[in-house]
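The values are calculated or read from the model by the stated rules, or taken from the named source; none is laboratory data. In this text, all values refer to a predicted model and were calculated from it rather than measured experimentally. As a convention, Cβ positions derive from the backbone with ideal geometry for all residues, glycine included, and neighbour counts pool all protein chains shown. Keep in mind that these areas ignore ligands, DNA and RNA; they rest on the heavy atoms of the full protein, side chains included. Shrake-Rupley method; radii C 1.70, N 1.55, O 1.52, S 1.80 Å.
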Amino acid sequence: MKQRKLTLILNAVLIFFASTSTTISAQTIAAGFNHSVYRCISGTPQSVGSNTSGALGIGAFGDHSTPISAVGLTEIIAVDAGYFHSLFLKNDGTVWAVGGNGNGQLGDGTTSGTTSPVQVVGLTGITDIAASMDFSIFLKNDGTVWAVGNNSTGQLGDGTNDSKTTPVQMLGLTGITAISVGQFHSLFLKNDGTVWATGGNYYGQIGEQPLYGVTTPIEIEGVSGITAISAGGTHSLFLKDDNKVWGVGSNAFGQLGNFDVGSYIYNPFELTGLSGITKLSGGFLYSLFLHTNGTVMACGANTFGQLGDGTTINKSIPFIIPGLTGISAIDASGSHSLFLDNDGTVYAVGNNNSGQLGDGTITQRLTPVVVNEVCNVVLSVVENAIEKVSVYPNPCREQLLLALSDSFTTDTNTVAELFDMQGQLLHSIKLQATTTSIEVADLKTGIYLLRIKSSAGIFEKKIIKK
């Protein structure tokens, strides 16, 4: 959405709208082992499923079968879910973490778990995050990679097998543009289209290397022109610039397609039957592929119905999952799958023993179901008089102006937000000037909610667009 300039005037008229529960679309999905995490368009994260380790970040234990907001987190731009912990990236480049921490994977300098998010020590300028079973890795804006947690197979890439409770820089990596993690290994995409890896190699997941793996990143031979990567539990997937898919590692359940099923493959090869692919996601023992037409293809283990075809039969030939269209993002986990529709709707399928599908039940699903109430908010509009703020004209047509009096004190936390009546955040701007304007000409005719957050409190105003 293009930048709009907003204009505001608040009168001392008290008007009430009935409270309504409405949906703000999800923008990011992340499937963990038995939980799921979402980033709402408002920048707040929600999660659902297993909370025995506190991975939902709600300040308490106890599983949930419908999404619930994590505590104390705003301005989140990315999320990821590990086996028993969750990661959150803020727009200031810092990272926050919550859940199990037995190997230091939360990066707060301890091995103590937490039910409320804590900041990962010493990280700034982070642009991407990835959570695995018991370790975490982070991509910095200078192309370097940092890591924390379990390092028994060298997955932290610092030249040792020693676990870490605060992040360390991986050795020899520069120009990295994407990261991904498997159960025992880490993958990195370089700006020249090559792929690098570190960690365990028991199944060939990092190519023609010793079975015990490596402790410093090495280039995976045999692949080039790569545009995206995804590390499965024990396999690796690579998307080439011709929109075809290559892979390496375990093919025990057909997660690498119908070539040499049941084997471990140490040399990257092209998966047959896949073209026009734009995104890929490696799960524990299966794989998902997003096609340019918005459909999703899948192959591999299907014990819990995670392939979404209505059965629990493993598939070694990639097939189109029935009923899914207009999909913009995919994520595969241990035994459940998530799909994001381009309208913000989230679908889920597979194992649901802890409520991780978010449909309000703990019933296993063999075909995709809609995640209930994801990113729901309550819009209860009570207009407040703010003597030092004026909003005009209202009703408006082209512009909405916000005028602050000289005595109005702003700080970095003073924000104006504009919502439609479905609860979707249309604009958020920090107010640090006496006058601010937003062009609203492209908004549809109707009623909108203006919310101003300041040190003095939260103030709301009904805005009418003609």
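A few points about this structure:
- For segment 320-344, the set of residues classified as more than 27 Å from G182 (Cα to Cα) and hydroxyl-bearing (S, T, Y) consists of T325 only.
- For P393, the requirement of being in contact with a Leu (Cβ under 8 Å, 6 or more places away or on another chain), modelled with pLDDT of 85 or more and over 30 Å from T234 (Cα atoms) is met.
- Considering (1) outside any loop (DSSP other than H, G, I, E, B); (2) of a type in the set (G, A, S); (3) buried (at least 22 other Cβ atoms within 10 Å of the Cβ), the lone condition that S65 does not fulfil carries the number (3).
- Members of segment 263-276 that are over 21 Å from I226 (Cα atoms) and open to solvent by less than 40 Å² (accessible area, probe 1.4 Å): S263
- If only residues of segment 319-336 that are in a loop (DSSP other than H, G, I, E, B) and closer than 28 Å to H85 by Cβ are counted, the one that is nearest to the chain's Cα centre (by Cα) is S333.
- Subset of segment 282-292 [outside any strand (DSSP E or B) and over 16 Å from N251 (Cβ atoms)]: T292
- For segment 247-264, the count of residues that are touching a residue at least 40 places away in the same chain (Cβ under 8 Å) and charged (D, E, K, R) is zero.
- Complete set of residues in segment 280-292 that are surrounded by 17 or more Cβ atoms within 10 Å (Cβ to Cβ), over 19 Å from the mean Cα position of the chain (by Cα) and closer than 20 Å to T227 by Cβ: H291
- Some residue of segment 419-435 being open to solvent by less than 20 Å² (accessible area, probe 1.4 Å), in a loop (DSSP other than H, G, I, E, B) and at pLDDT 80 or above: no
- Enumeration of residues in segment 130-171 that are in contact with a Phe, Trp or Tyr (Cβ under 9 Å, 6 or more places away or on another chain) and under 13 Å from V214 (Cα atoms): N151, S152, T153, G154, Q155, L156, G157, M170
- Within this structure, S112 fails the test of being touching a residue at least 60 places away in the same chain (Cβ under 8 Å) and closer than 19 Å to G82 by Cα.
- Qualifying residue in segment 33-52 (condition: in contact with a Pro (Cβ under 9 Å, 6 or more places away or on another chain), buried (at least 24 other Cβ atoms within 10 Å of the Cβ), over 21 Å from S428 (Cβ atoms) and among the hydrophobic types (A, V, I, L, M, F, W, C)): yes
- Residue match in segment 123-131 (condition: surrounded by fewer than 17 Cβ atoms within 10 Å (Cβ to Cβ) and more than 24 Å from F238 (Cα to Cα)): yes
- Residue count for segment 79-113, restricted to those that are open to solvent by 30 Å² or more (accessible area, probe 1.4 Å) and either among the hydroxyl-bearing types (S, T, Y) or at positive phi (or both): 5.
- Of everything in segment 68-78 that is of a type outside the set (G, A, S) and outside any loop (DSSP other than H, G, I, E, B), the residue that is most open to solvent (accessible area, probe 1.4 Å) is I77.
- Within segment 183-202, if we keep just the residues that are hydroxyl-bearing (S, T, Y) and open to solvent by less than 10 Å² (accessible area, probe 1.4 Å), the residue that is farthest from the chain's Cα centre (by Cα) turns out to be T198.
- Within segment 209-258, considering residues that are aromatic (F, W, Y), touching a strand residue (DSSP E or B) at 6+ places or on another chain (Cβ under 7 Å) and open to solvent by 20 Å² or more (accessible area, probe 1.4 Å), the one farthest from T160 (Cα to Cα): F253
- Every test in (1) part of a strand (DSSP E or B); (2) open to solvent by 30 Å² or more (accessible area, probe 1.4 Å); (3) touching a residue at least 24 places away in the same chain (Cβ under 8 Å) is passed by T303 save one, and that test is (1).
- Segment 98-153, subset among the charged types (D, E, K, R), touching a strand residue (DSSP E or B) at 6+ places or on another chain (Cβ under 9 Å) and part of a loop (DSSP other than H, G, I, E, B), residue nearest to V195 (Cα to Cα): D134
Matching residues to (1) modelled with pLDDT of 95 or more; (2) assigned to a loop (DSSP other than H, G, I, E, B); (3) open to solvent by 20 Å² or more (accessible area, probe 1.4 Å):
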position	(1), (2), (3)
T278	yes, no, yes
G294	yes, yes, no
G310	yes, yes, yes
I317	yes, no, yes
L338	yes, no, no
A348	yes, no, no
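- Condition met for S163 (surrounded by fewer than 24 Cβ atoms within 10 Å (Cβ to Cβ), farther than 24 Å from S42 by Cβ and free of Cβ contacts under 8 Å to residues at least 12 places away in the same chain): no
- Test: residue in segment 267-277 that is under 26 Å from H336 (Cβ atoms) and within 24 Å of the chain's Cα centre (by Cα): yes
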